[in-house]
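To start, the structure under review is shown below, and the notes come after it.
The values are calculated or read from the model by the stated rules, or taken from the named source; none is laboratory data. This is a predicted model, so every value here is computed, not measured. Here the Cβ is made from the backbone with ideal geometry for all residues, glycine too, and neighbour counts use every protein chain on show.
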Amino acid sequence: MSNDSLAVSHETEAMRHTGGPHIRVPQQQPKPSLAAKEHAVQIAAVGVEKIYHKGDTDIPVLRGVDLDVQQGEFLSIIGQSGSGKSTLLHLLGTLDAPDAGEVHFGGNRIDNLPSSSRDILRNRHIGMVFQFYHLLPELTLLENVLTPLLIGQGIWRYWRQRRKNTQAAKELIEMVGLSHRIKHKPRELSGGEMQRAAIARALIAQPEVLLADEPTGNLDKHTGKEIMAILRTLNVEKNLTIVMVTHDGAIAEQADRVIRLVDGRVARA
């Protein structure tokens, strides 16, 4: 499939997960062996470089990073502040473009797609969760979760499918344990509740990949464990590919595989 067809193909639906968003978070989810989960490469960085400019000074952030993420894998990227881990995640999600190298999704190069095609890719195929939630303050929890569908479907298609959309959103909200907060606005939610809402919003379009940037960074230890239980359940039960950035070694070790970035490079074992 060409880059152009990736952006507009109606085969999108066939690529999505089946079975709907009915997920319950167990007390403890076992960590499967990576060997049992290996499939085709889902998302990859090839020789990626990124340089930021501050006045006349060039600041290299990524220095030729190669990274393959298998379908269904839960990968952690760990590193100190300034190591380039969040920059790499943004490049994988096409929020930014590399200065050199390539980013691939499902075997297709995506970093050179037009802006509109990258928007479609993120809306339909790549879910994103950020440390600071980015919920819209004027909307209720339910409305925030529904926002990607409104953007992706357009007002008329969304209106025709509003009952189906609302039901899907309510199921996700129940999955993350927030049914009692469905009409609340972000200012009425705790940090953990806002992150749960952000996860539900990221999942509403049934993406194949979830990119999570410090998803437990603003949370206490107990709430962080709950968020990790949700992510692990999604990975195991829905075969959702997850790439997570974190600075916390204990959090990182809960993934299938951990890579470390040091000075913009993948550290070798």
**Within the stretch 178-225, considering residues that are in contact with a Pro (Cβ under 7 Å, 6 or more places away or on another chain) and outside any loop (DSSP other than H, G, I, E, B), the one surrounded by the fewest Cβ atoms within 10 Å (Cβ to Cβ)** = ARG187
**Request:** Give the residues of the stretch 85-114 that are closer than 15 Å to VAL209 by Cα and either aromatic (Phe, Trp, Tyr) or more than 18 Å from the chain's Cα centre (by Cα) (or both), sorted by residue number.
**Result:** PHE105, GLY107, ASN108
**Request:** Could you tell me which of the residues SER76, SER33, SER81, SER86 is surrounded by 15 or more Cβ atoms within 10 Å (Cβ to Cβ) and at pLDDT below 95?
**Result:** SER86
**Item:** Selection from the stretch 36-61 of residues that are more than 22 Å from the chain's Cα centre (by Cα), charged (D, E, K, R) and at pLDDT below 90
**Value:** LYS54, ASP56
**Request:** Take the residues in the stretch 92-105 that are of a type in the set (A, V, I, L, M, F, W, C) and surrounded by fewer than 22 Cβ atoms within 10 Å (Cβ to Cβ), then tell me which one is nearest to GLN254 (Cα to Cα).
**Result:** LEU95
**Prompt:** Somewhere in the stretch 241-261, is a residue more than 27 Å from GLN71 (Cα to Cα) and in contact (Cβ under 8 Å) with a residue 12 or more places away in the chain?
**Reply:** no
